[in-house]
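A quick write-up on the structure given underneath.
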Amino acid sequence: MNITAAEVNKLRQQTGAGMMDCKKALTEAGGDFEKAIDILREKGQKVAANRSDRDAKEGVVIAKVSTDGKKGIVTVLNCETDFVARNEDFIKLVDNIANIALNGNFSSVDELKAATYADGLSIEKKITEYVGKIGEKMELRYEKVTAEKVFAYNHPGNKLASVVGFNKTTPLEVGKEISMQIAAMAPIAIDKSDVTQETLDREMAIAKEQARQEGKPENMLEKIAIGKVNKFYKESTLLNQDFIKDSKKTVQQFLQDNDKELKVTSFKRIALG
């Protein structure tokens, strides 16, 4: 069967796959466009499977907030190389997924993957199609925050973003500062009481073992460990961190200075690597 250059180019324009891949798919499909597209998608699925053991540590991270300011999302599509991450089509793909995430009501990344992309495919199938086009492993992540007022911060370069929710109407400058604080200082919880018991037990055990290795007496290990855990709280819980714009006060003090009733209700942060 004779496959024309025009047919090959049409399939390439529609799928983004390479010219030779399009020609092979059309030939295998006997000139049937829909079947050829399925063949290319199947190729994408095979590429994804073949690269399942590869690291996907590059990518694009995008945070967005709804127009009413009550919902924020962070999406990241990981890939293997910075070359792909800087590609305009790839960035547009992630931005489109972020818009779908923002405008939908998805409680998990699996629900987001099942959502319909602009061209009728599910997001998961669209990513698989892109894997077939690019030949790199890709992984989608998604986080959501809902609150009375939500702010987002996108660090230049699309490699780091955060969203944070507050219990009430919040000045723009305050929301901006706290979202940047979260991005820069990577807290694991809002306050001491939000740290899981598992994390606390692990930090205590590590602190005790460090003190033991330093030759400290056994009867002092508990006290030393408590001191180290208090330092951990200060470094790793948002409200107890030093405020990056003024280290003489904590984030909690910064919030109190602006509004004594203002509270952070939740936050999410995603960074590449």
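Please treat every number below as a calculation from the coordinates, not as lab data. Small disclaimer: the values here were computed from a predicted structure and weren't measured. Backbone-built Cβ (ideal geometry, glycine too); neighbour counts: all protein chains shown.
Going by how many other beta carbons lie within 10 Å of each one, how would you line up 73, 190, fewest first? Mind dumping the intermediate values first?
Details: 73 29, 190 21.
Listed from fewest to most nearby Cβ atoms, that is 190, 73.
Assuming 0.36 nm per residue, please report the length gained on full extension of the stretch residue 260 to residue 28 beyond their Cα-Cα distance. Let's see the in-between values first.
Working: separation 232, 0.36 × 232 = 83.52 nm, distance 6.86 nm.
Contour length minus the Cα-Cα distance gives 76.7 nm.
Taking 121, 172, 262 in turn, the Gaussian network model of the chain (Cα-Cα springs below 10 Å) assigns the largest fluctuation to 172. Listed by chain and number, the lysines whose alpha-carbon sits under 20 Å from that of residue 234, ignoring those within fewer than 8 places in the same chain, are 192, 208, 223, 245, 248, 249, 263, 268.
Taken along its three principal axes, the alpha carbon spread of the chain comes to 83, 49, 27 Å, from the longest extent down to the shortest.
Return the FRET efficiency for the residue pair residue 223, residue 51: r is the Cβ-Cβ distance, R0 is 41 Å, and the value is rounded to the nearest 0.05. All intermediate terms of the calculation are to be shown ahead of the outcome.
Details: r = 50 Å, r/R0 = 1.23.
Approximately 0.25, to the nearest 0.05.
What are the semi-axes of the equivalent ellipsoid for segment 23-86, taken as the square roots of 5 times the Cα gyration tensor eigenvalues, largest first, in whole Å? Walk me through the numbers on the way to the answer.
Values: eigenvalues 230, 70, 19 Å².
So the three semi-axes of segment 23-86 are 34, 19, 10 Å.
Given the options 76, 251, 163, state which has the largest fluctuation in a GNM of the chain using a 10 Å cut-off (strictly under) for Cα springs. Of the options given, 251 has the highest mean-square fluctuation. Put the Cα centre of segment 119-133 next to the Cα centre of segment 167-217 and the gap is 38 Å.
Computed over segment 5-50, the percent of Cα pairs more than 13 Å apart is 45. With the simple spin-label model, which puts each label point 7 Å out from Cα in the Cβ direction, the residue 141 to residue 122 separation comes to 2.2 nm. Running Debye on segment 119-182 with equal point scatterers at the Cα sites and no solvent, what base-10 log of I(q)/I(0) appears at q = 0.25, 0.26, 0.28 Å⁻¹? The Cα Debye sum returns log10 ratios of -1.01, -1.05, -1.15. Legend: helices of the chain (whole DSSP H runs) are marked when their alpha-carbon atoms reach 20 angstrom or more along the helix axis and their mean Kyte-Doolittle hydropathy is at least 0.0; marked are 88-103. Distance between the pseudo-spin-label points of residue 235 and residue 86 (7 Å out from Cα toward the beta carbon): 3.3 nm. When each of 226, 97, 37 is scored by the number of other beta-carbon atoms lying within 10 Å, the sequence from fewest to most is 226, 37, 97. For segment 58-189, lysine pairs separated by 8 or more sequence positions, or belonging to different chains, with Cα-Cα distances below 17 Å total 28.
For labels at residue 206 and residue 95 in the simple 7 Å Cα→Cβ model, what's the distance in nm? It works out to 3.8 nm between the two label points.
Binning all Cα-Cα separations of segment 1-117 at 5 Å, short to long from zero, yields these whole-percent fractions: 2, 10, 15, 16, 17, 15, 12, 7, 4, 2, 0, 0.
The charge dipole of segment 195-242, taken about its Cα centre with unit charges on the Cβ atoms of Lys, Arg (+1), Asp and Glu (-1) only, comes to about 140 debye. The calculated pair-distance distribution of segment 56-151 uses every alpha carbon pair, bins of 5 angstrom beginning at 0, and gives 3, 14, 25, 25, 17, 10, 4, 1, 0 percent. In units of the compact-protein estimate 2.2 N^0.38 Å, segment 122-261 shows a Cα radius of gyration of 1.40.
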